[in-house]
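A quick write-up on the structure given underneath.
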Amino acid sequence: MRAVILFIVLMAIWLILSGHYTPLLVGLGVVSALFCVWMSQRLDSTDAEGLPLHLLLRLPFYWFWLIGQILLANIQMIRIILTGAHVPRLFRVDAENLSQAALVLYANSITLTPGTVTVEAEKGALLVHALSKSMADDIKKGGMLTRVRLVDGGDG
């Protein structure tokens, strides 16, 4: 069942990104998607960890929230660049009780937000570099972690 869902997702992405629906391009998309599904099956990576379907329904809502956070962080970055007021911080942040997929989502979300980078990810914690104290405080408050836990299926 996961292989069928993977094929549908890959085909949908191919069609959306292509924008051309000629028989040749759609056929190449089918062949490419089937090849990717076949390789995933051979690598045995279509299990719950390799294809986390439990994240699929909640993820779009999280993406909209994350885009807003990225925009807000860009405004903070403009202020930092114009004022030159940056005091870099390196700190650990809690990441307990997250699945592997949620841990990766959390680490990548921090890195996608301008001014912050996940330096190291390990089970239960992330090492994060932030360009300013306010950016570090935003991550330490745990708003992003709470939302990642909601996506992961927890109660926050």
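What follows draws every value from the coordinates through simple rules; no lab data is involved. This is a predicted model, so every value here is computed, not measured. Don't worry about glycine lacking a Cβ; one is built from the backbone with ideal geometry, like all the others, and counts go over all protein chains shown.
Details
- Length added when fully stretched, residue 134-residue 34, from 0.36 nm per residue minus Cα-Cα: 31.3 nm
- For the pair residue 81 and residue 120, a Förster radius of 22 Å applied to the C-beta separation gives a FRET efficiency near 0.25, rounded to the nearest 0.05.
- Where [x] 17.7, 60; [y] 18.9, 56; [z] 14.5, 46 are the candidate values, the label of the one calculated here for Rg and Dmax of the Cα atoms in Å is [y].
- When the Cα positions of 144, 59, 114 are compared along the charge dipole of the chain, 114 comes out farthest toward the positive end, with charges on each C-beta of Lys, Arg, Asp and Glu.
- Altogether, the Stokes-Einstein calculation at 20 °C and 1.002 mPa s, with the Kirkwood radius of region 78-131 over Cα pairs as Rh, returns a diffusion coefficient of 181 µm²/s.
- For region 2-42: rounded, prolate or oblate by the Cα gyration tensor [a/c cutoff 1.5]: prolate
- Linear extension gain, residue 15 paired with residue 94, 0.36 nm per residue minus alpha-carbon span: 24.6 nm
- Highest-first arrangement of 80-90, 131-141, where packing means the average Cβ count within 10 Å: 131-141, 80-90
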